[in-house]
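Chemist: Here it is: the structure, laid out below.
A short reminder: the numbers here are calculations on the coordinates, not readings from a lab. None of these values were measured; they are calculated from a predicted model. Reconstructed Cβ throughout: ideal geometry from the backbone, glycine too, with neighbour counts over all protein chains shown.
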Amino acid sequence: IGTVMLGPALPLMAARWQLADSGLGALFVMFFAGQFCGSWLATPRLRLSLMLGAWVSAWALVLLAFAGVATAHLALFCVGLGLGAGLTAGNVLLGTAQSGGKDRPSSGRGSSRSRLLALLNVCWGVGAISCAPLLNTSLHLSGLHAARGQFFFLGLALIPIGVFLARR
């Protein structure tokens with residue numbers, strides 16, 4: 001959801017901050033520059049990158065819910081930074097997971113690594129498909145007031161926090 005959120009939220013951001021197309025393009029540049037930097041910084045310490053990526057994304061989404069146009073660029077860079085670090089670390093951790101341990105061969109049903117990567121791809125697809133309906137629902141919940149979209153970004157911020165708390 002976090003990766004594709006900018007596309008469905010673009011008309012909302014254009015209306016909220018009265019941005020022209022050139023200003024909207026700068027939001028995309030900041031978002032993807034953050035993802036690039038996050039993925040580049042993620043590899044040395046994967047588990048730490050996974051945790052910090054979730055928290056940086058969550059706090060940046062809270063900031064984005066209340067941001068003005070000047071702060072939005074920084075918030076989107078930080079969302080991208082957290083997503084880039086977290087997704088890269090998660091992909092590497094799942095991709096290098098041991099299938100059956102050193103002494104146990106994997107079962108004939110396929111390795112656990114391939115099952116984990118398939119599950120990751122399903123999650124990506126469900127997130128991409130659900131992003132636009134979630135944004136639409138949050139706009140109806142907010143009653144289309146001047147602070148449009150706050151529920152959407154605050155709800156997205158709760159996802160990594162909820163996942164972290166559920167894992168404890």
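Chemist: Beta carbons within 10 angstrom, averaged per residue: use that to sort the peptides 26-39, 77-90, 123-136, 59-72, highest first. Before the final figure, lay out the partial values.
Modeler: Numbers: 26-39: 19.0, 77-90: 24.8, 123-136: 14.1, 59-72: 17.3.
Listed from highest to lowest mean packing, they are 77-90, 26-39, 59-72, 123-136.
Chemist: Order of 17-24, 44-51 by packing, highest average Cβ count within 10 Å first? Show your work: numbers first, answer last.
Modeler: Working: 17-24: 11.8, 44-51: 15.1.
Top of the packing list down: 44-51, 17-24.
Chemist: Next question, about the same structure. What Kirkwood Rh does the stretch 1-70 have if only Cα atoms enter the pairwise 1/r average? Answer in Å. Don't jump to the answer; show the numbers that get you there.
Modeler: Working: mean 1/r = 0.0748 Å⁻¹.
About 13.4 Å for the stretch 1-70.
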